[in-house]
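The values are calculated or read from the model by the stated rules, or taken from the named source; none is laboratory data. Since the structure is predicted, the reported quantities are computational estimates derived from the model, not experimental observations. All Cβ positions, even for glycine, are placed from backbone atoms using ideal geometry, and neighbour counts span all protein chains on display.
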Amino acid sequence: MLVVGHRGASGQAHENTREAFVLAEEMGADAIELDVRVTLDERLLIHHDPLPTAAADLDTLLTLNEVLDAVSDQMLVNVEIKNGVFDGGFDPKMIVAGLTVDALRRRGARANWRWLISSFSWASIEASRSLAPEIDTAYLCYGLSAAGARRAAAAGHSAVHPEVSMVTDEMVENCHSAGLAVNTYTCNDSERIVELAGMGVDGVFTDEPDMALSALGRSAERGGVNPRWAAWPGRPA
């Protein structure tokens, strides 16, 4: 099971900062997750909540490119697009999706295995998938029915990201049968992490990557093996 630093190692460093992302990698996390938003002048900034309005405050935030530069080329990166009516505003033009895809593509096609674009906004992942079918996409959700899993798979998405309390054996089986990986958010409980691994969950988002790795009996050393986002056969082409 992949260990994903939720906004970096946000249990030990301030979330969505260079320090948090670098620390997650140093701890041995397989991946980092970050939140991307677009400014009025079309910059991609890393911030979970709605963006501040003061220019000075905006200038303190990392850009997506700065995060990608801060971690090694062996780190997986989940870019969560923030673009919802109840999440600071919805942009139907999907400017944020286009800019995100462009930023990832500039890293070269050989890096595509590292990226996973996700969002609670179905329209945003649909736009991302349409713009860049070569980059994997995931649907962020609270819970997910078997019909919901089939819908996500039929749309060409590669994973779903349900909330950890909603994950059951049945959900995992339904998703895998549909051809979807299951990466769940956010778990900081070692016993639950072990349970999730036993259920076949493919990835866990955590604020404490070192704790998660220890719970799974893993060290910070990868032994020269690069992680990969899980891929399940059977997803419609």
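Odds and ends about this structure:
- One residue stands out among those in the stretch 180-237 that are within 15 Å of the chain's Cα centre (by Cα) and among the hydroxyl-bearing types (Ser, Thr, Tyr): the one that is nearest to His157 (Cα to Cα), which is Thr184.
Conditions tested, residue by residue: (1) part of a loop (DSSP other than H, G, I, E, B); (2) free of Cβ contacts under 8 Å to residues at least 12 places away in the same chain; (3) surrounded by fewer than 17 Cβ atoms within 10 Å (Cβ to Cβ); (4) in contact with a Ser or Thr (Cβ under 8 Å, 6 or more places away or on another chain).
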site	(1), (2), (3), (4)
Thr137	no, no, no, yes
Leu144	yes, no, no, no
Ala147	no, yes, yes, no
Arg151	no, yes, yes, no
Val172	no, no, no, no
Cys175	no, no, no, no
Ile193	no, no, no, yes
Gly198	no, yes, yes, no
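- Check on Ala111, at pLDDT 95 or above, under 17 Å from Thr137 (Cα atoms) and surrounded by fewer than 16 Cβ atoms within 10 Å (Cβ to Cβ): yes
- All of Ser72, Ser118 fail the test of being among the hydroxyl-bearing types (Ser, Thr, Tyr) and either buried (at least 22 other Cβ atoms within 10 Å of the Cβ) or within 17 Å of Pro50 (Cα to Cα) (or both), apart from Ser118.
- Inter-residue pairs, beta-carbon under 6 Å, first closer than 19 Å to Ser121 by Cα and in contact (Cβ under 8 Å) with a residue 12 or more places away in the chain and in the stretch 83-111, second surrounded by 10 or more Cβ atoms within 10 Å (Cβ to Cβ) and among the acidic types (Asp, Glu), 6+ apart: Asn83/Asp91
- Cβ pairs under 9 Å, 6+ apart, first in the stretch 38-57 and free of Cβ contacts under 8 Å to residues at least 12 places away in the same chain, second among the aliphatic types (A, V, I, L, M) and in a loop (DSSP other than H, G, I, E, B): Pro52/Leu61; Asp57/Leu51
- Hits in the stretch 84-97 (condition: within 17 Å of the chain's Cα centre (by Cα) and modelled with pLDDT of 95 or more): Val96, Ala97
- Criterion applied to Ala70, Ala31 was being over 21 Å from Leu140 (Cα atoms), at pLDDT 95 or above and not polar (S, T, N, Q), and the one residue passing it is Ala70.
- Residues that are hydrophobic (A, V, I, L, M, F, W, C) and assigned to a loop (DSSP other than H, G, I, E, B) within the stretch 50-109 comprise Leu51, Ala54, Leu61, Leu62, Val71, Met75, Val85, Phe86, Phe90, Met94, listed in sequence order.
- Test: residue in the stretch 33-43 that is part of a loop (DSSP other than H, G, I, E, B) and buried (at least 21 other Cβ atoms within 10 Å of the Cβ): no
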